[in-house]
1. Of all residues in segment 170-183, which are surrounded by fewer than 21 Cβ atoms within 10 Å (Cβ to Cβ) and touching a residue at least 60 places away in the same chain (Cβ under 8 Å)?
2. Please verify whether Asn86 is farther than 24 Å from Pro181 by Cα, of a type outside the set (Ser, Thr, Tyr) and modelled with pLDDT of 95 or more, treating the condition exactly as stated.
3. Do you know which of the residues in segment 282-301 that are touching a helix residue (DSSP H, G or I) at 6+ places or on another chain (Cβ under 8 Å) and part of a helix (DSSP H, G or I) is nearest to Leu341 (Cα to Cα)?
4. Scanning segment 44-69 for residues that are among the charged types (D, E, K, R) and loosely packed, with under 15 Cβ neighbours inside 10 Å, which turns out farthest from Leu177 (Cα to Cα)?
5. Given (1) within 21 Å of Leu160 (Cα to Cα); (2) at pLDDT 95 or above, identify the lone condition not met by Ala307.
6. If Gly232 satisfies every condition in (1) among the small types (Gly, Ala, Ser); (2) outside any helix (DSSP H, G or I); (3) modelled with pLDDT of 90 or more but one, which is the exception?
7. Can you confirm whether segment 302-319 contains a residue that is acidic (Asp, Glu), outside the structural domain of Gly162 (by TED's automatic domain parsing), assigned to a strand (DSSP E or B) and more than 30 Å from Pro181 (Cβ to Cβ)?
8. Please work out if Gly18 is at pLDDT 90 or above and surrounded by fewer than 19 Cβ atoms within 10 Å (Cβ to Cβ).
Amino acid sequence: MPATVKVKDDYSIKIRRGLIERLGIEILRLNDDIENEILLISDEKVSGLYLQNVILNFQQCPKPQGTRMRICELLIDGGEGAKNFNTVSKLLEDMAALGLNKKCCVVALGGSVVCDAAGWAAGCYIGGLRLVLVPTTLAAMIDSSVGGNAFLNLNAGKNLAGMSCKPSLVLCDTDCLRTLPSEEYKSGIVETFKTAIMCGENLFRIFERGEVNLNIEKIIECSIKFRANLNGERAKCIGYEIGNAIESLSDYEISHGEALAEALQIVTRMSKKKNWCSDETFQRIINAMKKNNLFVSGRSFQPELIAQAVINSKIAGRSIEISVPCEIGHCEIKTIQADDLASLMN
């Protein structure tokens with residue numbers, strides 16, 4: 001069912017089918033000032049699916065008399081390895097070359113990398129431009145679209161450079177999910193499963209019953225509502241640090257979903273080992289992962305390597321705070337001595 005989630009008083013996230021076909025109308029509804037310039041930022045894969053229809057939609061949508069709209073487009077690499085300052089720097093130079101003005105509205109059309117890079121560019125250019133996010137992957141819909149922050153990767157680790165850039169509007173068109181490759185869709189399912197562990201029984205039981213695809217819009221809505229209440233505090237998200245460490249160690253050759261799935265198994269084992277969660281909670285999480293084909297067999301890297309990558313990314317002292325599941329719907333941030341982290345992962 002269509003839904004609209006209000007993130008505090010800052011912006012709305014609309015979830016429904018066919019929103020991309022209404023993009024021009026939705027942006028013109030923002031009103032304050034009629035935007036006379038639109039910059040579409042996308043990647044080659046997504047642009048091939050949607051960009052021409054989006055441009056046509058902007059050109060043909062009803063406008064107030066006398067309104068003229070200039071539409072520009074820029075493409076970036078959509079791979080995780082491109083989520084860095086080099087990409088943002090090139091975007092800013094290209095935006096300046098286009099002569100974009102303060103009334104420009106930046107529209108990010110793509111996955112998490114596009115949304116984060118566009119967010120940074122919109123936040124930096126001429127002191128900040130209006131931003132509209134149109135996430136086209138499941139992971140981006142429930143992650144990049146929520147919280148009002150954009151993140152870039154550094155050589156030291158993933159998502160270590162962040163800035164605040166609240167969008168004016170987020171449009172989650174669930175029709176986009178039908179065009180996702182299976183691996184990318186699965187990455188998003190892992191993100192929603194992580195949220196279900198943190199959120200509670202109602203959402204988690206959908207995974208236990210194996211009814212994810214039948215309830216995907218409800219899962220997206222519940223995930224967005226829950227994450228909006230985290231207020232951008234990623235430290236509360238289970239598996240976050242370890243998943244990022246695995247991705248970084250692989251030079252982003254391991255997919256986000258696979259890295260996160262392994263991280264969820266690691267933090268769940270850690271919680272059981274330290275008696276922070278019961279055997280029943282441990283088994284429910286692992287069984288639900290298996291039922292939904294999210295379970296990762298084997299290790300990507302040795303625990304010592306993963307632990308060191310986590311320590312490096314934390315830029316901290318000899319203790320580390322990591323969120324772990326204690327019950328379904330209840331996670332806690334635990335302080336772990338850095339020297340003990342690798343042994344807890346075994």
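The values are calculated or read from the model by the stated rules, or taken from the named source; none is laboratory data. Everything quoted here is computed from the prediction, not taken from an experiment. Every residue, glycine among them, receives a Cβ derived from its backbone with ideal geometry; neighbour counts consider all protein chains shown.
1. Passing the criteria: Thr174, Asp175, Thr179, Glu183.
2. Yes: the conditions hold for Asn86.
3. Once the filter is applied, the top-ranked residue is Phe282.
4. Checked segment 44-69; the qualifying residue farthest from Leu177 (Cα to Cα) is Arg68.
5. (2)
6. Looking at each condition in turn, Gly232 falls short on (3).
7. Scanning segment 302-319 turns up no residue that is acidic (Asp, Glu), outside the structural domain of Gly162 (by TED's automatic domain parsing), assigned to a strand (DSSP E or B) and more than 30 Å from Pro181 (Cβ to Cβ).
8. yes
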